[in-house]
1. Counting only residues that are surrounded by 14 or more Cβ atoms within 10 Å (Cβ to Cβ) and not small (Gly, Ala, Ser), which one in the range 84-96 is nearest to the chain's Cα centre (by Cα)?
2. Looking only at the range 155-203, count every residue that is touching a Ser or Thr at 6+ places or on another chain (Cβ under 7 Å) and assigned to a helix (DSSP H, G or I) and tell me the total.
3. Please work out which one of (1) on the phi > 0 side of the Ramachandran plot; (2) open to solvent by less than 30 Å² (accessible area, probe 1.4 Å) is the condition residue 81 fails and give its number.
4. Taking only the range 133-156 into account, find how many residues are surrounded by fewer than 18 Cβ atoms within 10 Å (Cβ to Cβ) and either among the basic types (Lys, Arg) or modelled with pLDDT of 90 or more (or both).
5. Go over the candidates 172, 189, 165 one by one and state the one that is within 15 Å of residue 226 (Cβ to Cβ), among the aliphatic types (A, V, I, L, M) and in contact with a helix residue (DSSP H, G or I) (Cβ under 9 Å, 6 or more places away or on another chain).
6. Collect the residues in the range 263-279 that are over 29 Å from residue 227 (Cα atoms), open to solvent by less than 30 Å² (accessible area, probe 1.4 Å) and either of a type in the set (A, V, I, L, M, F, W, C) or modelled with pLDDT of 90 or more (or both), keeping them in residue-number order.
7. Can you name the residue in the range 1-25 that is of a type in the set (A, V, I, L, M) and open to solvent by 10 Å² or more (accessible area, probe 1.4 Å) and is also farthest from the chain's Cα centre (by Cα) among such residues?
Amino acid sequence: MGVFVFLPLVLPLTAWPIARLAEQHLHPRTATRLLTWVAAVMAVCSTLCLALVMVVGTAQLPGNPLPDGWSDPEVRAAVPYDEVAGKAAIPALFAVLAVCGRTWWRQARVRRRAHRALAGLRDTEVAVLPDGVPYAYALPGGGRRGRVVVTTGLLACLEPAERRALFAHERAHLAARHHRFLLAVRLAAQANPFLRPLRTAVSYTTERWADEDAARTVGSRRTVARAIGKAALVSPGAPAAAPAGLAGLAAAGPVPRRVAALLGPAPAVRSWPSLFTAVGVAAWGAATGAVVSAMSSANSAVTMVLILHAATPL
């Protein structure tokens, strides 16, 4: 395997340029899907890399349950600096699994609590809470595509057209299942800290995606921009019951940038940027990094299996 086993740990650096350029030059839907795909692939590959290196480190520990042959010099030679890297991979992998598992569990728990809190309300797509604190969010799941949760405090601050923009924005979150993209990049960033810029970018592009869908639904980009601005001014932030990443109309992403984008022309819809542009080069660089990461981790996994099979006595 050699140093190639460590490549998936650092290849996420190739995605940093596209994390910023995608926000500015790609349609939000394209940017969200591209960044999430790249983040997920690279996170899985880097976690697999840690698992492979951990096998070598665990086999060196006294009293481990692994076959004795797995600690042979031939096996250890497959990983450079096996004494340090192998043992360091053990706590690193357990930390990744623990943090990701905790995030997954907390996300599911918050969603269950939110649905239980709404159980006493009418079973409609929109749940209006009698709360003077202005906020709104999209709550996925619950035996249906999801529900839009909004308070009377926020509705009182908006004009009728702005309310339609609010509902269209939150419905766009639910229809496109943005919570899945957000959870995927959140777990990816926890698996590999180098992927954090992609998580930040996807938090913004999902909001922009919902903004554009809302503008198309209500037929006025200016109305959506005005609704975002008003909601940002009066909203104190996400409520504790809101699932992470889907806190509502003005809670995620830089609001001034979103408003400025809505006041400008609609972004062009295209599946992939041209290679002869900065964003095209960055996109191809990130895609290449993801492919190389997948190939490197697959090659390392096959090589490790063959080495361990040869080292295990029949």
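1. Taking the range 84-96 first, the residues surrounded by 14 or more Cβ atoms within 10 Å (Cβ to Cβ) are 85-90, 92-93, 96.
The next check asks that each one be not small (Gly, Ala, Ser); those that pass are 87, 90, 93, 96.
Values: 87: 29, 90: 25, 93: 19, 96: 15 Å.
Taking the candidates together, the pick is 96.
2. Of the residues in the range 155-203, the ones touching a Ser or Thr at 6+ places or on another chain (Cβ under 7 Å) are 161-162, 165, 168, 178, 181-182, 184-187, 190-192, 202.
Still in the list and also assigned to a helix (DSSP H, G or I): 161-162, 165, 168, 178, 181-182, 184-187, 190-191, 202.
Summing the residues that are touching a Ser or Thr at 6+ places or on another chain (Cβ under 7 Å) and assigned to a helix (DSSP H, G or I) in the range 155-203 gives 14.
3. For residue 81, the exception is condition (2).
4. Filtering the range 133-156 down to residues surrounded by fewer than 18 Cβ atoms within 10 Å (Cβ to Cβ) leaves 133, 141-145, 152, 155-156.
Checking the rest, the ones that are also either among the basic types (Lys, Arg) or modelled with pLDDT of 90 or more (or both) come to 144-145, 152, 155-156.
The qualifying residues number 5.
5. Working: 172 fails: within 15 Å of residue 226 (Cβ to Cβ); 189 fails: within 15 Å of residue 226 (Cβ to Cβ).
Answer to the selection: 165.
6. Passing the criteria: only 279.
7. The residue in question is 1.
One line per residue, one yes/no per condition, for (1) closer than 24 Å to residue 6 by Cα; (2) surrounded by 15 or more Cβ atoms within 10 Å (Cβ to Cβ):
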| position | (1), (2) |
| --- | --- |
| 63 | no, no |
| 69 | yes, yes |
| 74 | yes, no |
| 77 | yes, no |
| 99 | yes, no |
| 110 | no, yes |
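The values are calculated or read from the model by the stated rules, or taken from the named source; none is laboratory data. Owing to the predicted nature of the structure, the values given are computational and were not obtained by experimental measurement. Because the Cβ atoms are built from the backbone with ideal geometry, glycine has one as well, and the counts that use them run over all protein chains shown. These accessible areas exclude ligands, DNA and RNA; they are computed on the full protein's heavy atoms, side chains included. Shrake-Rupley method; radii C 1.70, N 1.55, O 1.52, S 1.80 Å.
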